[in-house]
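Right, one structure below, let's go through it.
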Amino acid sequence: MNGSLPRDSSLSVILFGEPKISWQDKPLEPPSQKALALLCYLAIVGRTVPKEDLLSLLWPQSQKQNLRLTLRQLRNLAGGKSWLNESDHAVGIIAKTDLDAFKASIKSRNFSHALDLYSGQSKHQLLYNLEIKNATEFQDSLSAERDFVNQLFAEALLAQALELETQHDYEEALSLWHKLHGLDPFNETAHRGIIRVKYR
């Protein structure tokens, strides 16, 4: 049970904003914040993860019984035996996420759809308000993923702003240039885009 997991599933994990999990369109309530963090982390990475890595991520004191209890509780949730993949040494989940859809839209250059999925606003950031105490490695991993998402967001803003300019939709293009400039006030491309569109 190694490598990537298939992503076609009735488990849905919303990662932008406050996380939401559902099975066959019915909300699932993880039994604890760490159980929620575990599900979200596995949904983000999209592969099986060694249990030892999960322990260091969320239970750095090597509290193996806590991981075992959490996995047992997750198996007992609706559909748990279908979407939770567990072996003796590793764990993964099969899930669809808005983050996957966002990354796929960027890859296929469907930047308009990507910007519909992620607005870049603080309350829409990845796993908004999810803070796990005594789990520094998890918070560091989340911070790195948020930075990566914002890089993709900036790429989408740039490409879509240029596309809107070619369509002579200067008002919307200007809005996107301002968003890109807000992400990075020293971004010369965004600054030039604002000036160019205002001139036109």
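Is at least one residue of region 183-192 closer than 23 Å to I21 by Cα, of a type in the set (G, A, S) and assigned to a helix (DSSP H, G or I)? No, every residue in region 183-192 fails to be closer than 23 Å to I21 by Cα, of a type in the set (G, A, S) and assigned to a helix (DSSP H, G or I). The residues on offer are L174, L164, and the sole one that is surrounded by 12 or more Cβ atoms within 10 Å (Cβ to Cβ), assigned to a helix (DSSP H, G or I), out of contact with any Phe, Trp or Tyr (no Cβ under 8 Å at 6 or more places or on another chain) and at pLDDT below 85 is L174. Close Cβ contacts (under 7 Å, 6 or more residues apart or on different chains) running from residues in region 116-137 that are farther than 16 Å from F102 by Cβ and surrounded by 11 or more Cβ atoms within 10 Å (Cβ to Cβ) to residues that are at pLDDT 90 or above and among the aromatic types (F, W, Y) comprise I132/F138.
Per-residue answers, yes or no, for (1) in contact with a Cys (Cβ under 8 Å, 6 or more places away or on another chain); (2) of a type in the set (A, V, I, L, M); (3) part of a strand (DSSP E or B); (4) open to solvent by less than 40 Å² (accessible area, probe 1.4 Å):
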{"position": "P31", "(1), (2), (3), (4)": "no, no, no, no"}
{"position": "A37", "(1), (2), (3), (4)": "no, yes, no, yes"}
{"position": "P60", "(1), (2), (3), (4)": "no, no, no, no"}
{"position": "L69", "(1), (2), (3), (4)": "no, yes, no, no"}
{"position": "A78", "(1), (2), (3), (4)": "no, yes, no, no"}
{"position": "V91", "(1), (2), (3), (4)": "no, yes, yes, yes"}
{"position": "L99", "(1), (2), (3), (4)": "no, yes, no, yes"}
{"position": "R109", "(1), (2), (3), (4)": "no, no, no, no"}
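Candidates L74, L115, L142: the one that is among the aliphatic types (A, V, I, L, M), within 12 Å of the chain's Cα centre (by Cα) and in a helix (DSSP H, G or I) is L142.
The values are calculated or read from the model by the stated rules, or taken from the named source; none is laboratory data. Keep in mind the model is a prediction, meaning the values are calculated, not measured. Cβ coordinates were reconstructed from backbone atoms using ideal geometry, including for glycine residues, and neighbour counts include every protein chain displayed. Just so you know, the surface numbers come from the protein's heavy atoms only, side chains and all, with ligands and any DNA or RNA stripped out. Shrake-Rupley method; radii C 1.70, N 1.55, O 1.52, S 1.80 Å.
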